[in-house]
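**Student:** Can you read through this structure? Questions will come right after.
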Amino acid sequence: MPPTDRRPRRAALDHGAERVSELALLLLALSLLLAPAGVAAALLLLWLGFAGRMAARWRGPRAAAASLAHSHPVVWLTALFVLYCLMQTLLLHVLPTGGPPPDPGTAADWARLAVFVPAAYVIAARPERLPLLLLLALIGLAGGMLLRLDWDLLLSDAGQFIDKRAGFGFGAIAFGLYGGTALLGLILLRRDCWLDAAGRPRWWRLLLWSGATALVLQGLVMTKSRGAWLAFAVALALGLLLQWRRRAGVPTHGGGARGSRAAAVILAGVLAALAVANAVRIGDRVAETLESARAMAAAEPAADEDSSMRLRWHAQLIGIDAVAARPWLGWGAGTAQALMGASNDPAVRYEDGGVLKHLHNSYLEAAVELGLPGLALFLAIQLGLLAALARRLRGGGGPAPAQRDLLVFLLAALVLLLVWELFDYRVIRQDWRGYWTLVAGGALGVVLRPLGRLR
């Protein structure tokens, strides 16, 4: 036991670190899709706050190991993943692969995935603040879209503006993930958006919600990201199914039921109007995909040799060969692009000679760079979060429908991410890390036992 006179200092450190962590999470949510510098500062502050809280509780290495052993399984899976990423890079420097050298910086970026754990402990302490964090993230996304719009083109030629592929400051595929998640939240958490504390719909809320939904949906369509569209459709179908199953047979009352039905009609009208307005654009993109797939299946020379589907297909064939050559330890973090370049395969090069930056599949990228053990840990973290949320939902998911809706949204958002990762790779980028911190941290935070405050 520490001396009695050290306890107040430990409690003061814990209290201060807790405040830093809370501020960091608020900053992260607001700046997530608005200000990259704010995301960098927030992630750093999350680590500092977590380190301060751990320092206040430090009782030696044996006690720390015992604490980790009794933590949530996702926490120790994450600890294993971090250790594996760092040790694998060190080992591959000692035992060269004969290929490109691993990049320690990229290995550290893989390991930084663990930042969602500090965020989860902050959320676990006050889970009722999670809707506020999601609202701040939505405000930041909408603000970022409006700030980064090409207003000159919009005002001069609205049709050309809508036809132009947009990422609103990010890659189009990346914004497809972020915009799809925001739209998923607007639909699955619609009751929180429509109803006041007494359960009555407010028309000003409906108007704000309709405007935000229209903006985000139009942004998602403008990304022209087929993978993001598919991931959103799968996640939305799952989320609506879970909500329907949980609400079937639950009685509703009077004005609240009529108001909710009216709001649902508005929801259907907004989505239908935007779907009709963009039907031609969506249809053209789907037809283009089907034509590329048909040409590839028939081994026909494509009209566009630089098509994204053809490039990605050949890149993933190279990735599969790389995994087969070194399945267990992998080639090392940051080596996938160099392996594609070393293959001398013109099918993974653009017309200007540049090589694809990555394999456009997060799971294949993990298998190539980290080996099958690294891929297994990467998947286990995400599937562990899904399993924890599913258990919570089966156990009742909290006393209020709003809490159940929040759990359904978090589960559906993780499914959206799991499907999206089949088509892109962004784990080592700061914007993805911030998104992951909020979504995965929220999912773990609502099932995690909080640290508690030292007294």
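The values are calculated or read from the model by the stated rules, or taken from the named source; none is laboratory data. The shown structure was predicted, so the numbers you read here are calculated from the model rather than taken from an experiment. Cβ coordinates were reconstructed from backbone atoms using ideal geometry, including for glycine residues, and neighbour counts include every protein chain displayed.
**Student:** In the set 263, 322, 273, 277, which member is crowded, with 16+ Cβ neighbours inside 10 Å, modelled with pLDDT of 65 or more and of a type in the set (A, V, I, L, M)?
**Tutor:** 322
**Student:** Got a sec? Which of 148, 191 is at pLDDT 75 or above, touching a Gly at 6+ places or on another chain (Cβ under 7 Å) and not aliphatic (A, V, I, L, M)?
**Tutor:** Criteria check complete, one pass: 148.
**Student:** Right, next: Only one of these conditions is not met by residue 408: (1) in a helix (DSSP H, G or I); (2) under 23 Å from residue 79 (Cα atoms). Which number is it?
**Tutor:** (2)
**Student:** Got at least one residue in region 353-364 being among the hydrophobic types (A, V, I, L, M, F, W, C), under 17 Å from residue 74 (Cβ atoms), modelled with pLDDT of 90 or more and assigned to a helix (DSSP H, G or I)?
**Tutor:** Within region 353-364, none of the residues are among the hydrophobic types (A, V, I, L, M, F, W, C), under 17 Å from residue 74 (Cβ atoms), modelled with pLDDT of 90 or more and assigned to a helix (DSSP H, G or I).
**Student:** Looking at 250, 216, 286, which one is outside any helix (DSSP H, G or I), of a type outside the set (D, E, K, R) and either closer than 30 Å to residue 357 by Cα or at pLDDT below 70 (or both)?
**Tutor:** After ruling out the rest, the residue left standing is 250.
**Student:** Could you check, for region 153-166, whether at least one of its residues is more than 19 Å from residue 417 (Cβ to Cβ), assigned to a helix (DSSP H, G or I) and in contact (Cβ under 8 Å) with a residue 40 or more places away in the chain?
**Tutor:** Yes, because at least one residue in region 153-166 is more than 19 Å from residue 417 (Cβ to Cβ), assigned to a helix (DSSP H, G or I) and in contact (Cβ under 8 Å) with a residue 40 or more places away in the chain.
**Student:** Check off (1) farther than 19 Å from residue 417 by Cα; (2) outside any helix (DSSP H, G or I) for residue 147 and give me the number that stays unchecked.
**Tutor:** Every condition holds for residue 147 apart from (2).
**Student:** So which pairs qualify, if the first residue must be in region 116-131 and on the phi < 0 side of the Ramachandran plot and assigned to a helix (DSSP H, G or I), the second must be of a type outside the set (A, V, I, L, M) and surrounded by fewer than 17 Cβ atoms within 10 Å (Cβ to Cβ), the Cβ gap must be under 6 Å, and the two must be at least 6 apart or on different chains?
**Tutor:** Cβ pairs passing all conditions: 124/450; 125/450.
**Student:** Considering only residues that are of a type in the set (S, T, N, Q) and in a helix (DSSP H, G or I), look in region 62-79 and name the one that is modelled with the lowest pLDDT.
**Tutor:** 67
**Student:** Name the residue that is surrounded by the most Cβ atoms within 10 Å (Cβ to Cβ), counting only residues in region 367-387 that are without any contact (Cβ under 8 Å) to a residue 60 or more places away in the chain and closer than 19 Å to residue 90 by Cα.
**Tutor:** Per the stated criteria, the residue is 368.
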